[in-house]
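Below is one structure, written out as structure tokens; comments come after it.
The values are calculated or read from the model by the stated rules, or taken from the named source; none is laboratory data. Since the model is a prediction, treat every value here as computed from it, not as a measurement. In this analysis, Cβ positions are derived from the backbone assuming ideal geometry, glycine residues included, and neighbour counts consider all displayed protein chains. Accessible surface is based on the protein model in full, side chains and every heavy atom, while ligands, DNA and RNA are left aside. Shrake-Rupley method; radii C 1.70, N 1.55, O 1.52, S 1.80 Å.
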Amino acid sequence: MFSAAQIKRLKTKPTPFFFYDTPLLLKTLQAMRKAAEKNNAEVHYALKANANKKILKIIQRFGFGADCVSGNEVSRAVECRFPSSKIVFAGVGKTDDDIINALKKNIACFNCESADEIKVINALAARMNKKANISIRINPNVNAHTHHYITTGLEENKFGINTWELPEVMQITGKCRHIVFTGLHFHIGSQVTEMGPYKTLCVRINELQRWFESRRIRLQSINVGGGLGVDYGKPDKNPVADFEGYLRIFKKFLELRPGQKLHCEPGRALVAQCGSLISRVLFVKKGRQSNFIILDAGMTELIRPALYQSHHKIENLTGPGRNKVVSYDVNGPVCESSDCFGKAIDLPETKRGDLIAIRSAGAYGESMALDYNLRPRAKSYMSEEI
Ligand code: LLP
């Protein structure tokens, strides 16, 4: 929701750009911290959702750790003062350079996705005369009921180690003298809006705990990954995700052993709602069946609609006060038919030069930006900079 004064200031900036509402970001982070403290969970923010340095510096102040998936993300987290002791490093394809970089920075833990990866980390750590803490990412075969491109915890997905591979993986891990096995890691998918899949995950983890106990292997940490969804349809009604309800599921259904620590890795839920992609209308075209709005922002700034058919609320910030409502297909300028933010969207009658906000763009917007068509990188502003 933008105030009239804010809209006036937004109009002075060249478009497209990302606008981040700092008070809402702070409110969200406070809610996460409160829920984490209450439920005794350690939070690692998933940088992949948004690695903007201004955002990271704010998140870091809340005492959260970082979840990274590349050497550059590890370096960025360190640069933005996330303590190394709270950085975890996942990813199904870590390169040797990524691993060496993370070992040099003494990160908390590698979340490992295959036996071969564990062997490589062991060899590189041996060469550096170090020991690497690892967790094993297990594919729990739990359906997250989300878009199939962001489902990660099913056997058909490339992620994690299947439970039937565990005996062999644990045998290999036991032989790696530069590896310290610390616990288990999971991530069932993203934009998860029902709590049922997390309850199922808890049941799977409880079974696995018993399996490890029967082999006298101690687990220090259980990392349940990220995935908590946000309300893309009603960002103003539900600006802050229900972190308390989410963590309560684990408190209730996960049978943690004494001394065991619960870790989680939210990305989207911390940053999605505070961000909007602000764009100007370049042209309004009349087709035979639809009216087309052509914006100066497109899939190069926010690829989610093109990639996952996702819906983001679209608002005409200049339009309120105009009585006539018209149905539009809202498109970007990129040479792809999938470069469309929404079809048959009712907006006040729209004209060239109007300012448009595409809401809930704080997660997986800027971080997934492309330079296709040689488009320049969009700038970003925190609300206090506007
Ligand atoms: N941990 C791991 C191991 C992950 O793979 C992910 C996301 C997260 C944590 C954070 O998940 P979140 O809380 O943000 O759902 N580009 C897609 C989302 C891809 C998510 C990939 N992994 C989108 O725009 O919907």
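What order, most packed first, do the peptides 121-131, 43-53, 237-247 have when packing is the mean number of other Cβ atoms within 10 Å of each residue?
43-53, 237-247, 121-131
For I345, the residues whose modelled amide H falls within less than 5 Å of its own, excluding neighbours fewer than 5 places apart on the same chain, are Y328, D329, V330.
Think of each Lys and Arg Cβ as +1 and each Asp and Glu Cβ as -1; about the Cα centre, that makes the dipole of the chain roughly 920 debye.
Computed with a 1.4 Å probe over protein heavy atoms only, the accessible surface of the chain comes to 45 Å² per residue. With both labels modelled 7 Å from their Cα along Cα-to-Cβ, the E244 to L26 distance reads 2.1 nm.
Annotation: for a label point projected 7 angstrom from Cα along Cα→Cβ of K13, residues of segment 343-381 with backbone N closer than 19 Å are 353-370, 376-381. Each Cα pair under 8 Å and six or more residues apart adds its sequence gap; the mean of these over the residue count of segment 22-270 is a relative contact order of 22 percent.
Considering only protein heavy atoms and a probe of 1.4 Å, how much of the accessible area of the chain is carbon and sulfur, as a whole percent?
50
Can you tell me the order of 280-290, 261-271 when each peptide is scored by its average per-residue count of other Cβ atoms within 10 angstrom, highest first?
Ranking the peptides 280-290, 261-271 by packing returns 261-271, 280-290.
Of K105/K379; K27/K251; K251/K313; K53/K199; K199/K343, which pairs sit farther than 28 Å apart, going by alpha carbon to alpha carbon? Checking Cα-Cα distances, K105/K379; K251/K313; K53/K199; K199/K343 exceed 28 Å. Most simply put, the chain has about 40% antiparallel DSSP beta bridges, counting only bridges with both residues inside it. What number comes out for the charge environment of E301, summing +1 per Lys or Arg and -1 per Asp or Glu over other residues with Cβ under 13 Å away? Surrounding charge for E301 is +1.
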